[in-house]
Amino acid sequence: MSERPGQFGFAGQSRELTVLFADIRGFTQLSEQLRADALKQFLNQYFTPMTRIIFAQQGTIDKYVGDMIMAFWGAPVDDPEHAHHAIEAALEMLNETQRLSQSFIRKGWPQVRIGIGINTGLMNVGDMGSQYRRAYTVLGDAVNLASRLESASKYYGIDLLVGERTHTLAQPHFLWQEVDWVRVKGKQQAVRIYQPLCRIAKASPAQHAQVQQFQQFLHALRQQHWQQASTHLHALQQNHPTNALYSHYQQRLHTLHTLHTLHTLHTHPQTGTAA
């Protein structure tokens, strides 16, 4: 930017960008376990490598809020691969967090786990604020969705959730698992959300098979083929007993099947059987 200042500006624009929110899981409880000086060191040692990763992947740090990092790609420097680079950063951040946890434990600090939400869409980007303080930031529905995806990742028990447009742009680079089809607040149409599992070049045949079977489960579930869905999910849980997403869907499958059965009995009582 310093070499070509005429090509950049901080005036407001509307552009398609990718935004990332990363948050430490259970930070309130974690912060209560540390003294103020230790908490400062903890956050500094967490933020530094996370920021280094974001910069290495051409991202712009928007802000730190408590334990949360907000970053975006595609401005002020144009980046045609903004979705790809954001996901690369997220995967590296998750790997780095695992390494940090081990060093934190050796210091007597709590281990750390993060959740990340990423979304791509049309955003307003520019220098915004008041006459006292301004910041170069992004605003818009697409930004809000990224924040909601980060929060929703806790609900599904996974570390990284990605929006539909991000998936479309970065699809060739990663092995993807569709997570759900959700209706976002303020939107009429449902959107698909995804989990990038790894770079496609590093995906094993077992991972490809796992993704395929989970997609078959989702199809059976949406078609209300309960037995078929149960068979697929049982096989997945047998092979991956600690997978929190599969546990989430086990509960949902049970609930949906029960509600469907009750509805059928209420609508067609003659089909019920005596106890």
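Name the residues of the range 56-70 whose amide N is less than 13 Å from a point 7 angstrom out from the Cα of LEU34 along the C-beta direction?
Flagged as within label range: 66-68.
Between beta-carbons, use under 13 Å as the cut-off and find the net charge around HIS167, counting Lys and Arg +1, Asp and Glu -1. Don't skip to the answer; put the middle values down first.
Numbers: positive: ARG165, ARG192; negative: GLU164, GLU178, ASP180.
Cβ neighbours under 13 Å give a net charge of -1.
So for the chain, if I pair up every lysine 8 or more residues apart or on another chain, how many of those pairs have alpha-carbons under 24 Å apart?
Numbers: LYS40/LYS63; LYS40/LYS107; LYS63/LYS154; LYS154/LYS185; LYS154/LYS187.
Lysine pairs meeting both conditions in the chain amount to 5.
Based on the Cβ-Cβ distance from ALA56 to HIS225, what FRET efficiency comes out when R0 is 45 Å, to the nearest 0.05?
Details: r = 45 Å, r/R0 = 1.01.
The computed FRET efficiency comes out at 0.50.
Could you give the size of the charge dipole of the chain about its Cα centre, using +1 on the Cβ of each K and R and -1 on the Cβ of each D and E, expressed in debye and rounded to the nearest 20? Could you put the intermediate results ahead of the total?
Working: 24 positive and 20 negative charges, 97 e Å.
Here the size comes out at about 460 debye.
Among residues other than TYR194 whose Cβ falls under 12 Å from its Cβ, what is the net charge (Lys/Arg +1, Asp/Glu -1)? Please report the intermediate quantities before stating the final value.
Numbers: positive: ARG165, ARG192; negative: GLU164, GLU178, ASP180.
Net charge around TYR194: -1.
Using DSSP loop states and a limit of at most 12 other Cβ atoms within 10 Å to flag trypsin sites (Lys or Arg not before Pro), what is the longest stretch of the chain containing no flagged site? Walk me through the numbers before you get to the answer.
Numbers: sites that count: ARG35, LYS107, ARG133, LYS185, LYS187.
Answer - 188-275.
Report relative contact order for the chain in percent, whole number only (criteria: Cα-Cα under 8 Å, sequence separation at least 6).
Values: 415 pairs, mean separation 43.4, N = 275.
The normalised contact order for the chain reaches 16 percent.
With a 1.4 Å probe and every protein chain left in place, work out the accessible area per residue of the chain in Å², rounded to a whole number.
On the way: 15260 Å² over 275 residues.
Per-residue accessible area for the chain comes out at 55 Å².
Using a 1.4 Å probe over the heavy atoms of the protein chains, calculate the carbon and sulfur portion of the accessible area of the range 87-129 as a whole percent.
Details: 810 of 1810 Å².
Taking all protein chains in place, the range 87-129 shows 45 percent carbon and sulfur surface.
Once neighbouring chains are kept in place and the probe is 1.4 Å, which whole percent of the accessible area of the range 157-235 is contributed by carbon and sulfur?
C and S fraction of accessible area: 50 percent.
Under 15 Å from the Cβ of GLY115, count the other residues' Cβ atoms, weight Lys and Arg +1, Asp and Glu -1, and hand me the total.
Details: positive: ARG25, ARG113, ARG148, LYS154; negative: ASP23, ASP67, GLU96, GLU150, ASP159.
Neighbour charge sum, excluding GLY115 itself: -1.
Does the range 76-175 come out rounded, prolate or oblate, given a ≥ b ≥ c as the square roots of the eigenvalues of its C-alpha gyration tensor, rounded meaning a/c under 1.5 and, failing that, prolate meaning a/b above b/c?
Numbers: a/c = 1.93, a/b = 1.34, b/c = 1.44.
It comes out oblate by the Cα gyration axes.
For the range 1-131, take the alpha-carbon Rg, divide it by the Kirkwood Rh, and send me Rg/Rh.
For the range 1-131, the value is 1.03.
Translational diffusion coefficient, Stokes-Einstein: compute it for the range 112-222 using the Kirkwood radius over C-alpha pairs as Rh, at 10 °C and 1.306 mPa s, and state it as an integer in µm² s⁻¹.
On the way: Rh = 15.6 Å.
So the translational diffusion coefficient is about 102 µm²/s.
Give me a comma-separated list of calculated 3J(HN,Hα) values for the range 213-221, in order, Karplus coefficients 6.51, -1.76, 1.60 applied at θ = phi - 60°, integers in Hz, x for any Gly or Pro.
For the range 213-221, the Karplus curve yields 5, 5, 5, 5, 4, 4, 4, 5, 4 Hz.
The values are calculated or read from the model by the stated rules, or taken from the named source; none is laboratory data. Just so it is clear, the model here is predicted, and its values are computed rather than measured. Positions of Cβ are backbone-derived with ideal geometry, glycine not excepted, and every protein chain shown enters the neighbour counts. For the accessible areas, the whole protein counts, side chains as well, though only heavy atoms, and no ligand, DNA or RNA atoms are used. Shrake-Rupley method; radii C 1.70, N 1.55, O 1.52, S 1.80 Å.
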